[in-house]
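Below you'll find the structure, written out as structure tokens, and then a few comments.
The values are calculated or read from the model by the stated rules, or taken from the named source; none is laboratory data. Just so you know, these numbers come straight off a predicted model, no measurement behind them. Cβ sites come from the backbone with ideal geometry, for glycine too, and all protein chains shown count toward neighbours. Protein only, heavy atoms only, side chains kept; ligands, DNA and RNA dropped before computing areas. Shrake-Rupley method; radii C 1.70, N 1.55, O 1.52, S 1.80 Å.
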Amino acid sequence: MWPDRRLIDLFGIEHPIILAPMAGSGTPELVAAVANAGGMGSLGCAMLDAEGLAGAVVRIRAATNGVFNLNFFAIRDPAPDAETLSRMAARLQPWYRRYGVAPPPAPPPAPAFFDQTRLRQVLDLAPPVVSFHFGLPQHDAVTALKAAGIKVLSTATTVTEARALELAGVDAVIAQGFEAGGHRGAHRPNDAQDGVGTLSLVPQIADVVSVPVIAAGGIADGRGIAAAFALGASGVQMGTAFLLCPEAATDARRRERIRNASADDTMMTAAVSGRPARARRSRYAEAMAAAGTDLPSFPALYALTGPLLEAAGAEDDEVSFHLYGQSAALAREAPAGEIVARLVEQSAAAFARLAGPRG
Ligand SMILES: Cc1cc2nc3c(=O)[nH]c(=O)nc-3n(C[C@H](O)[C@H](O)[C@H](O)COP(=O)(O)O)c2cc1C
């Protein structure tokens, strides 16, 4: 039924539907459920240490023989200087006061890159697929993964980034549009409002790369999947659509917000982590957007905003970081295997409808 089989053949999967990696929200059980339903499950590993990563892969392999992907951040933003950090700490003072919390005393830890140690562990774990967000690690790492027979993917948020990824040797490009929940995978820091929508991005990337294109951002049902194929994609990567699954680690408060979501209740903000991310609106993010930029780089800013997020708790209209995308209102509450089956059925119906009446 699928009009393009390139991704299906590349990964050896039944359906060209990829569960997006979602660090902190995905689980090995969610990955396995999507893989068992014939799609590909991705695990966001950016927040896992070596032990956590090894344990997660054991849990995935215990629950599925299907195809899975381990995802890492290839961030290379320089750590912020002390002055930028202290300017930001001063801007946060009214918020700290409001919640009666103190700014963290120690400087934030240096960002964790995809380094040689992590590369060696990933080669040992030998997943079928590895994907990156925020660009690619050093060229040697990509070469080593590919030489080990591991398929390599990365995200492009512009046509230029897609060209660069193809030149660097990726097996497929994930075209992530502005609608997407979570962090924008731009290769360099850019303004929160500088995103390109999925409808514009996918066909322009499909026109210039010869590897398969995976559409991501705002796709949450079979209509969106059919549209992605019409735009030239060979498959889709979906995150928000799986956040209400019982297998997801989405916390209760965010589940409640997603159950009641509307198309316009998210915004792009860099004011929590240091890089633009789509999350539910909060007064904190709106106030920071109004006050301009000059933010410490990703992920150092988390160290300054973390105490606020924790203290605000249920006051999430004020301060929160509920990551989800513009199509959250289309998310359904069901086990991930059922979601995939429904997406396949809906896609078939959408393709049939677009083909017009027979005879
Ligand atoms: C809660 C959440 C966490 C995310 N974390 C990651 C991540 O760790 N790595 C990554 O490559 N993409 C991450 N993303 C972005 C997804 O890969 C993908 O681009 C996005 O979910 C697609 O848009 P959608 O949410 O509208 O389906 C995340 C998205 C969400 C919603």
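Once the chain from R281 to Q93 is taken as fully extended at 0.36 nm per residue, the excess over their C-alpha distance is 65.6 nm. Between amide H atoms placed 1.01 Å from N, distances below 5 Å from S42 occur with L19, N69, all of them 5 or more places distant or on a separate chain.
Take the Cα radius of gyration of the range 182-258 and divide it by 2.2 N^0.38 Å, N being the number of residues; the result is 1.26. When both the range 293-350 and the range 112-145 are represented by their alpha-carbon centers, they are found 25 Å apart. Counted by Cβ distance under 13 Å from F229, the other residues give a net charge of +2, where Lys and Arg count +1 and Asp and Glu count -1.
When the chain is fully extended, how far beyond the present Cα-Cα distance does A348 get from V208, taking 0.36 nm per residue of separation?
Details: separation 140, 0.36 × 140 = 50.40 nm, distance 2.79 nm.
Taking A348 through V208 to full extension adds about 47.6 nm, to one decimal.
Assuming R0 = 56 Å, what is the FRET efficiency of T160 and D317, from their Cβ-Cβ distance, to the nearest 0.05? Approximately 0.90, to the nearest 0.05. In the context of the full set of protein chains, residues of the chain present 42 Å² of accessible surface per residue (probe radius 1.4 Å, heavy atoms only). Semi-axes of the equivalent ellipsoid for the chain, computed as √(5λ) from the eigenvalues of its C-alpha gyration tensor and ordered from largest down, come to 32, 23, 20 Å. Protein heavy-atom surface of the chain, 1.4 angstrom probe: 54% of the accessible area is carbon and sulfur, with nucleic acids and ligands not counted.
Dividing the convex hull volume of the Cα atoms of the range 248-330 by its residue count, what figure in Å³ per residue is obtained?
It is 93 Å³ per residue.
Stretching the chain fully between L167 and D251 yields a gain of 26.3 nm (0.36 nm per residue, less the alpha carbon separation).
Ranking A230, A126, S42 by Cα position along the charge dipole of the chain, where only Lys, Arg, Asp and Glu carry charges on their C-beta atoms, puts A230 farthest toward the positive end. Here the scattering of the range 88-225 is modelled by Debye summation over its C-alpha atoms, one equal scatterer each and no solvent; at q = 0.20 Å⁻¹ the log10 of I(q)/I(0) is -1.12.
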